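The values are calculated or read from the model by the stated rules, or taken from the named source; none is laboratory data. Bear in mind that the values here come from a model prediction, so they are computed numbers and not experimental data. Every residue, glycine as well, gets a Cβ built from its backbone with ideal geometry; the counts of neighbours run over all protein chains shown.
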Amino acid sequence: MDLSTPPVLLAADAVMQHVERLADEIAPRTTDETVGIVLLTGGLWFAADLTRALAVRGRHLQFDALWLTSYGDARTSSGRCEIRAGLQRPVAGRQVLLIDDVFDSGLSLREAARFAREAGAAEVISAVFARKPWPEPRIAEPDFVGWQAPARYLVGYGLDSAGAWRGLPYIGVMD
């Protein structure tokens, strides 16, 4: 693995501007009864910033996590999504806001939405920080997108390369 610091593609202040804009868009669509579900592990950074930004706007979501994996340490999806840890909070009859770092193939988001619906969620909406272009149509699209990302290998702000670089406060590139 290349250990040199990845170059900046989207600066930390720009990341936060996208989060603030998303919070403005999401706040009117949610209530304090909405269950915000972060998709682990990459979505943690975005979920923390987004839920704080929503709180400033008077929205205090319930919070939970769903641990999914389709990449492992690879740079491409395995094509299947494994649930490693399910929800701790009941969602039956409630609105769910799925929160994830990046939207690539859509597999993780689709699987998380299916899981939430099967758990009885009344409504499932989704927010992703970055949406990457994809060569073929995706089955589902996120309701809220922070940033239209280029088709590059991104790291930072939760995005990783074999577990490394998640903690960068900016989006960097490794290609």
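For segment 88-130, which residues satisfy the criterion of being closer than 20 Å to Ala23 by Cβ, of a type in the set (Asp, Glu) and either surrounded by fewer than 22 Cβ atoms within 10 Å (Cβ to Cβ) or more than 12 Å from the chain's Cα centre (by Cα) (or both)?
Glu123
Conditions (1) over 25 Å from Pro28 (Cα atoms); (2) modelled with pLDDT under 95; (3) of a type in the set (Val, Ile, Thr), marked per residue:
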| residue | (1), (2), (3) |
| --- | --- |
| Trp67 | yes, yes, no |
| Arg84 | yes, yes, no |
| Arg94 | no, no, no |
| Leu107 | yes, yes, no |
| Glu123 | no, no, no |
| Val128 | no, no, yes |
| Ala140 | no, yes, no |
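Considering only segment 156-175, state which residues are buried (at least 20 other Cβ atoms within 10 Å of the Cβ) and not in a loop (DSSP other than H, G, I, E, B).
Gly156, Leu159, Ile171, Gly172, listed by residue number.
For segment 24-74, name all the residues that are assigned to a strand (DSSP E or B) and surrounded by fewer than 21 Cβ atoms within 10 Å (Cβ to Cβ).
If the condition is that a residue be assigned to a strand (DSSP E or B) and surrounded by fewer than 21 Cβ atoms within 10 Å (Cβ to Cβ), then Leu40, Gln62, Phe63, Asp64, Ala65, Trp67, Thr69 are the ones that fit.
When segment 133-156 is examined, which residues are found to be over 23 Å from Val96 (Cβ atoms) and in contact (Cβ under 8 Å) with a residue 24 or more places away in the chain?
Trp134, Ala149, Pro150, Arg152, Tyr153, Leu154, Val155, Gly156, listed by residue number.
Could you check how many residues of segment 84-120 are small (Gly, Ala, Ser), touching a residue at least 60 places away in the same chain (Cβ under 8 Å) and more than 15 Å from Thr41 (Cα to Cα)? Let's see the steps before the verdict.
We begin by selecting, within segment 84-120, every residue small (Gly, Ala, Ser); these are 85-86, 92-93, 105-106, 108, 112-113, 116, 119-120.
Next cut, touching a residue at least 60 places away in the same chain (Cβ under 8 Å) only: 108, 112, 116.
Within this subset, residues satisfying the condition of being more than 15 Å from Thr41 (Cα to Cα) are 116.
Summing the residues that are small (Gly, Ala, Ser), touching a residue at least 60 places away in the same chain (Cβ under 8 Å) and more than 15 Å from Thr41 (Cα to Cα) in segment 84-120 gives 1.
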